[in-house]
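**Student:** Dropping a structure here in structure tokens format, bear with me for questions.
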Amino acid sequence: MTTTTDPNFGAREALRLLGPYPDDWVPDHADVDHNVTIVGGSGTGITFAFALRRAGIGRVTIIDEAEDEAHAGVWLNRARMNKLRTPKNLPGPELGIQGLSFQAWYEARYGAEAYAAIDRIPRLLWVEYLNWYRQFLEIPVRYQTKLVRIEPAEGFFRLHLEVNGIPQVETTRKIILGNGFVGAGGPYVPSVLTALPRILSAHTADAIDFNALRGKTVAVLGAAASAFDAAGVALESGAKAVHLFSRRSEIASLPVIRVRGYPGAYNSYYQIPDADRWFQAWRYRQFGSTPPTDAIERAIAFPNFHLHLSATWRSAQEQDGRIVAQVNDDVFEFDFAIAGTGYFVDPAARPELADFADHIAQWSDRYEPPANQRDEELSVYPYLGSAHEYQEKVPGSAPYLKDIHVFNPSGFVSFGLPIGDIPSIRRDVPAVVGRISDDLFFADWALHEARITSDNVAPDFDTSLYANAVWEQKVPVS
């Protein structure tokens, strides 16, 4: 039995048994810098990079506008939960290679008993795991590289970038948008807050200085997970009081999305008829996003936390440096307000898509729901293809859209999960990579046809290898 104190031993063995990476089989194009550009360098981006490498697709680059690894993604920035909201054993970036899984990584460092003792993955340990994954697999990420504009060209895209603040243009054949909620549209801020001085409010997507809220009275608008997380951090940071306002008469508690997580529905969801996919998205919106129990418990543990139900803000204004808000028939004063109100999805709101956003097919272009299921917010979600690619609003108007694959929450109505989160990795990363592989292969079919039918290869042996074993009929002597 082999024993080792090297925590990476199991991961190295898994890769060794898997065999070497395939050679890059994609022909170079003189006018193209990259075969695939991945926008977003956190867990999603590095998982795609690994999958593409395993598929033998070279010249892949990952760009991220964050300053460095610590500022990329949500986990050390906008995410404020103590534990991830997904089950600890959910398949993720390991892509079926168990030696690369969180469980294997964790047990190699802390032991199997320690893993059995945790109910969900602590957020900061997830960050450590992702950092290890990137470093162990030697996946480079180009930080301080912002995508400003995607310009379609003939057979490729020009990417207008800001690299360390300096404009730069690069070219790519394929794009994967793995840039999270912000890349899908942007933070949704209720209009009642937008008229206030910016110094008095923030969205949970912002970098909030919670230490500055010590001794202050804070309002939180919203009642999903991010709202309760923000309330919890504010209370832990010493806020004088935190008031959380929910439009609903009770906190959403029925996790309707969870019941479709079994393999049949999960794997076949894209093939569900449009009417049923729309209904599932609409139904989810009706029930609301469910905060984890421990997120609620984190806030209600403080006696200075106050929950307001059926409490819609009617107005808010600044007065003497504070917020005066009318909520139903009551008036409150706050030092600061946090919008935990989620995000909106709309390709037209993204400046990098401005050249062609009006060509992208939306759900409103493909499906007209019954009057009792209409939802303007869902209607602008992009109507994605089976590999998460944009589709044309008018066939033939923008054929290049099929080369942009969307792996962010824009895919929710089409695919039924919070796309870009851990649950979507196992199903959707292979689908996207498989389509990219097909597209790149057939785009250069003439070259590949010549390659696979070529006789320009040295024989493994000549006839001398078996000459002495060739049987010959002896001629009888007459």
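**Student:** Given points 7 Å out from each Cα along the Cα-Cβ axis, report the W445 to E472 separation in nanometres with one decimal.
**Tutor:** Spacing of the two 7 Å Cα→Cβ label points: 5.0 nm.
**Student:** I'd like the Karplus ³J(HN,Hα) series for segment 417-423: coefficients 6.51, -1.76, 1.60, θ = phi - 60°, whole numbers in Hz, and an x wherever there's a Gly or Pro.
**Tutor:** Per residue, the Karplus-derived 3J(HN,Hα) values read 9, x, 5, x, 8, 4, x Hz.
**Student:** First measure r as the distance between the Cβ atoms of D355 and Q98, then evaluate 1/(1 + (r/R0)^6) with R0 = 45 Å and state the FRET efficiency to the nearest 0.05. Mind dumping the intermediate values first?
**Tutor:** Numbers: r = 43 Å, r/R0 = 0.95.
The calculated FRET efficiency here is 0.55.
**Student:** Follow-up question, since we're still on this one. With the crude spin-label approximation of a point 7 Å out along Cα→Cβ, what separation in nm comes out for T5 versus D28?
**Tutor:** Reported label-point gap for T5 and D28 is 4.7 nm.
**Student:** Then there is this: Stokes-Einstein at 20 °C, 1.002 mPa s, Kirkwood radius from Cα pairs: D for segment 190-305 in µm² s⁻¹?
**Tutor:** Numbers: Rh = 16.3 Å.
Answer, rounded: 131 µm²/s.
**Student:** Rounded, prolate or oblate: which fits segment 342-478 when a ≥ b ≥ c are the square roots of the eigenvalues of the alpha-carbon gyration tensor, with rounded for a/c under 1.5 and prolate only if a/b beats b/c?
**Tutor:** Details: a/c = 4.03, a/b = 3.27, b/c = 1.23.
In terms of gyration-tensor shape, prolate.
**Student:** How would you rank 237-243, 16-22, highest first, on the average number of other Cβ atoms within 10 Å across their residues? Mind showing how you got there, number by number?
**Tutor:** Details: 237-243: 18.6, 16-22: 10.3.
In decreasing order of mean packing, 237-243, 16-22 become 237-243, 16-22.
**Student:** Place the peptides 198-205, 23-30 in order of packing, highest mean first, counting for every residue the other Cβ atoms within 10 Å and averaging per peptide.
**Tutor:** Working: 198-205: 18.4, 23-30: 12.8.
Put in order of decreasing packing, that is 198-205, 23-30.
**Student:** For all pairs of alpha-carbon atoms in segment 212-257, what percent lies in each bin of width 5 Å, listed from the first bin to the last filled one?
**Tutor:** 5, 22, 28, 20, 12, 7, 4, 1
**Student:** Could you calculate the FRET efficiency of V324 with S249 from 1/(1 + (r/R0)^6), where r is the beta carbon distance between them and R0 is 30 Å, rounded to 0.05?
**Tutor:** Working: r = 25 Å, r/R0 = 0.84.
Computed FRET efficiency for V324 and S249 comes out at 0.75.
**Student:** Would you work out if segment 393-443 is rounded, prolate or oblate? Take a ≥ b ≥ c from the square roots of the eigenvalues of the alpha-carbon gyration tensor; rounded if a/c is under 1.5, else prolate when a/b is larger than b/c, oblate otherwise.
**Tutor:** Working: a/c = 3.20, a/b = 1.37, b/c = 2.34.
Oblate.
**Student:** Next up: Pop out the Kirkwood hydrodynamic radius of the chain from its pairwise C-alpha distances, inverse of mean 1/r, in Å to one decimal.
**Tutor:** In the chain this quantity evaluates to 25.1 Å.
**Student:** Taking the square root of 5 times each eigenvalue of the Cα gyration tensor, what semi-axes in Å does the equivalent ellipsoid of segment 135-241 have, largest first? Before the final figure, lay out each step's value.
**Tutor:** Details: eigenvalues 282, 60, 38 Å².
Values for segment 135-241, descending: 38, 17, 14 Å.
**Student:** Next question. Separation between the E151 and R214 pseudo-spin-labels, each 7 Å from Cα along Cα→Cβ, expressed in nm?
**Tutor:** Each label point lies 7 Å from its Cα, and together they span 5.1 nm.
**Student:** Separate question: Just name one of Q168, Y266, L95: the one whose Cα is farthest towards the positive end of the charge dipole of the chain (beta-carbon charges, Lys/Arg +1, Asp/Glu -1).
**Tutor:** Y266
**Student:** For V163 and L18 in one chain, what is 0.36 nm times their gap in residues minus the Cα-Cα distance, to one decimal in nm? Mind showing how you got there, number by number?
**Tutor:** On the way: separation 145, 0.36 × 145 = 52.20 nm, distance 3.63 nm.
Going from the current span to full extension adds 48.6 nm.
**Student:** Using the Cα centre as the reference, give the magnitude of the dipole from point charges on the C-beta atoms of segment 104-230 (Lys, Arg: +1; Asp, Glu: -1; all else neutral), rounded to the nearest 20 debye. Could you put the intermediate results ahead of the total?
**Tutor:** On the way: 13 positive and 12 negative charges, 59 e Å.
Dipole magnitude for segment 104-230 comes out near 280 debye.
**Student:** While we're on this one: Expressed in nm to one decimal, what extension gain is obtained for the pair Y266 and N131 from 0.36 nm per residue of sequence separation less their Cα-Cα distance? Don't skip to the answer; put the middle values down first.
**Tutor:** Values: separation 135, 0.36 × 135 = 48.60 nm, distance 2.83 nm.
Value of the extension gain: 45.8 nm.
**Student:** Evaluate E = 1/(1 + (r/R0)^6) for T293 and V256, where r is the Cβ-Cβ distance and R0 equals 25 Å; express this FRET efficiency to the nearest 0.05. Mind dumping the intermediate values first?
**Tutor:** Details: r = 16 Å, r/R0 = 0.65.
Taking R0 as 25 Å, the efficiency between T293 and V256 is 0.95.
**Student:** Right, here's the next one. Does segment 1-136 come out rounded, prolate or oblate, given a ≥ b ≥ c as the square roots of the eigenvalues of its C-alpha gyration tensor, rounded meaning a/c under 1.5 and, failing that, prolate meaning a/b above b/c?
**Tutor:** Values: a/c = 2.61, a/b = 1.32, b/c = 1.97.
Oblate is the answer for segment 1-136, as a/c is 1.5 or above yet b/c matches or exceeds a/b.
**Student:** In what sequence, highest mean first, do 314-322, 216-224 appear when ranked by Cβ atoms within 10 angstrom?
**Tutor:** Values: 314-322: 12.3, 216-224: 24.3.
Result, highest mean first: 216-224, 314-322.
**Student:** In whole Hz, what ³J(HN,Hα) sequence does segment 244-250 give by Karplus (6.51, -1.76, 1.60; θ = phi - 60°), x for Gly and Pro?
**Tutor:** For segment 244-250, the Karplus-derived couplings read 10, 10, 10, 6, 7, 7, 8 Hz, x marking Gly and Pro.
**Student:** Have a look at L244, G155, G185 and report the one farthest towards the positive end of the charge dipole of the chain, computed about the Cα centre with Cβ charges (Lys/Arg +1, Asp/Glu -1).
**Tutor:** Sorting the options by dipole projection puts first L244.
**Student:** Moving to a separate point now. Can you tell me the relative contact order of segment 357-433? Whole percent, Cα pairs under 8 Å, sequence separation 6 or more. Intermediate values should be presented prior to the final figure.
**Tutor:** Working: 98 pairs, mean separation 20.4, N = 77.
Averaging sequence separation for qualifying contacts and normalising by length gives 27 percent for segment 357-433.
**Student:** Could you size up the charge dipole of segment 344-451 around its Cα centre, putting +1 on the beta carbon of Lys and Arg and -1 on that of Asp and Glu, and report it in debye to the nearest 20? Please report the intermediate quantities before stating the final value.
**Tutor:** Values: 9 positive and 18 negative charges, 65 e Å.
Rounded to the nearest 20 debye, it is 320 debye.
**Student:** If you don't mind, there's one more thing I want to ask. For the chain, what is the number of Lys pairs with C-alpha distance below 21 angstrom, counting only pairs 8 or more positions apart or on separate chains? Before the final figure, lay out each step's value.
**Tutor:** Numbers: K146/K174; K174/K393; K174/K402; K216/K240; K393/K402.
Lysine pairs meeting the criterion: 5.
**Student:** Continuing with this model, one more query. Can you give the local net charge around R260? Use residues other than it whose beta-carbon is closer than 13 angstrom to its beta-carbon, Lys and Arg +1, Asp and Glu -1.
**Tutor:** Values: positive: R258, R277, R283, R427; negative: D276.
Result for the local shell: +3.
**Student:** Before I look further, what does the chain give for accessible area per residue, probe 1.4 Å, in whole square angstrom?
**Tutor:** Working: 24080 Å² over 478 residues.
Heavy-atom SASA per residue in the chain reads 50 Å².
**Student:** Using unit Cβ charges (K, R positive; D, E negative) and no other charged atoms, how large, in debye to the nearest 20, is the dipole of segment 1-127 about its Cα centre? Spell out each step's value before the answer.
**Tutor:** Numbers: 13 positive and 16 negative charges, 146 e Å.
It works out to roughly 700 debye.
**Student:** How high is the relative contact order of segment 346-478, in percent, counting Cα pairs under 8 Å that sit 6 or more residues apart?
**Tutor:** 16
The values are calculated or read from the model by the stated rules, or taken from the named source; none is laboratory data. From a predicted model like this one, the values you see are computed outputs, not experimental measurements. As a convention, Cβ positions derive from the backbone with ideal geometry for all residues, glycine included, and neighbour counts pool all protein chains shown. Just so you know, the surface numbers come from the protein's heavy atoms only, side chains and all, with ligands and any DNA or RNA stripped out. Shrake-Rupley method; radii C 1.70, N 1.55, O 1.52, S 1.80 Å.
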